[in-house]
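Report on one structure; see the data block that follows.
The values are calculated or read from the model by the stated rules, or taken from the named source; none is laboratory data. As the structure is a computational prediction, the values presented were derived from the model and not from experiment. Neighbour counts are summed over all protein chains in view; Cβ atoms, including those assigned to glycine, are modelled from backbone coordinates with ideal geometry.
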Amino acid sequence: MERDAVRSTTWLRRAAETGMEPQAEYNLGVRYINGVGVKKDLHEASAWFRKAADHGFPLAMCNLATCYLRGEGVNRDLIQAYKWLYLATGGGAKQRRISEKDKMQTRMRRSETTYWLYDLEEDDLRKPKEGLELLRYSMTERQVSAAKQQANDWNPNYLENR
């Protein structure tokens, strides 16, 4: 079983290293955070979550926010945690500007399981929204404002490569 996990992680890494598969980047981060097919490494997990989040992948944004909140693999940073949760829930200027046309083109290029560059829905969205509200109580208004400004300034790598 362990050998299969190592082999599948090797293939997953190849896909992730292309820089064109944010779901593979996210899944590799999950493997590192759980130690499946690789040695558990929180720094490596957060780095892969960051790559997928920079591609606009909301589930990676949620996991990266958790890393910042807990200080796992990165320095603890409430502003960064809030920024990534805010983006995952559809906040930020770039997230709001993604048109239906972009979403349709992305669906045509990617598999049905890809969430790339569009909002989380229903249950997937509930937990990040709750986390955002709870986090807000631990922060000053200045910190929340700084996080939202960073979210508004964020540029997903996907849009830069067009």
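Please find, among ARG107, ARG136, ARG162, the residue that is part of a helix (DSSP H, G or I) and at pLDDT below 90.
Numbers: ARG136 fails: at pLDDT below 90; ARG162 fails: part of a helix (DSSP H, G or I).
Residue meeting the stated conditions: ARG107.
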Problem - Search result, residues across region 20-37 that are in contact (Cβ under 8 Å) with a residue 60 or more places away in the chain and of a type in the set (S, T, N, Q) - result: GLN23
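Anything in region 21-38 that is assigned to a loop (DSSP other than H, G, I, E, B) and touching a helix residue (DSSP H, G or I) at 6+ places or on another chain (Cβ under 8 Å)? List them, or say none.
Restricting attention to region 21-38, the residues satisfying the condition of being assigned to a loop (DSSP other than H, G, I, E, B) are 21, 35-38.
GLU21, VAL36, GLY37, VAL38 - these are the residues of region 21-38 that are assigned to a loop (DSSP other than H, G, I, E, B) and touching a helix residue (DSSP H, G or I) at 6+ places or on another chain (Cβ under 8 Å).
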